[in-house]
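Where a number appears in this text, it was derived from the coordinates with a stated rule and is not lab data. All values derive from a computational prediction rather than experimental measurement. Cβ coordinates were reconstructed from backbone atoms using ideal geometry, including for glycine residues, and neighbour counts include every protein chain displayed.
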Amino acid sequence: MNIDLSSDFGRKVQHYLDTQDVIWFTTIGSDLTPQPRPVWFVWDGATFLIYSQPDHKVRHIATHPRVALNFNTDYETGDKDVIVFTGSATVDDRVPAAHNNTAYLEKYRDGIAGLKMTPEEYGEKYSVAIRITPANVRGW
């Protein structure tokens, strides 16, 4: 996926990638129903990385790897930008556990503490790394 980060839309996308802590991750369930969930993420410039419990998300992407990601919008605060990524997801067992991932811990250490968990407890509970490779981005 290539996006012109010098365009107005590209700058909006980059702003959200740099400032947002939560993105909505939509998988497809076994009954073909979309299943959106808010998740924490790290963007590496080409892919998204999320950590999951070994639950529905993991089973969904094993059967239906096409997924979508989108940021919240909030008209009350003036945050009206719509940004939607579509692409493919896979379990990535090559990345370190959440509690050993420096970028992830830098971003979410306070959030993990807010869950009343240590990074190690979080890493044990959210033990599956999911890599999302976006193919397209759209919005306004």
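Results, tabulated for the structure shown:
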quantity	calculated
Packing-based exposure ordering (other Cβ within 10 Å, fewest first) of S6, S30, S127, S52	S6, S30, S127, S52
Shape of segment 46-136, Cα gyration tensor, a/c cut at 1.5	oblate
Segment 1-134: Lys pairs at Cα distance under 26 angstrom, eight or more positions apart or on different chains	9
Nearest-20 debye value, segment 1-85 charge dipole, Cβ charges on Lys, Arg, Asp, Glu	340 debye
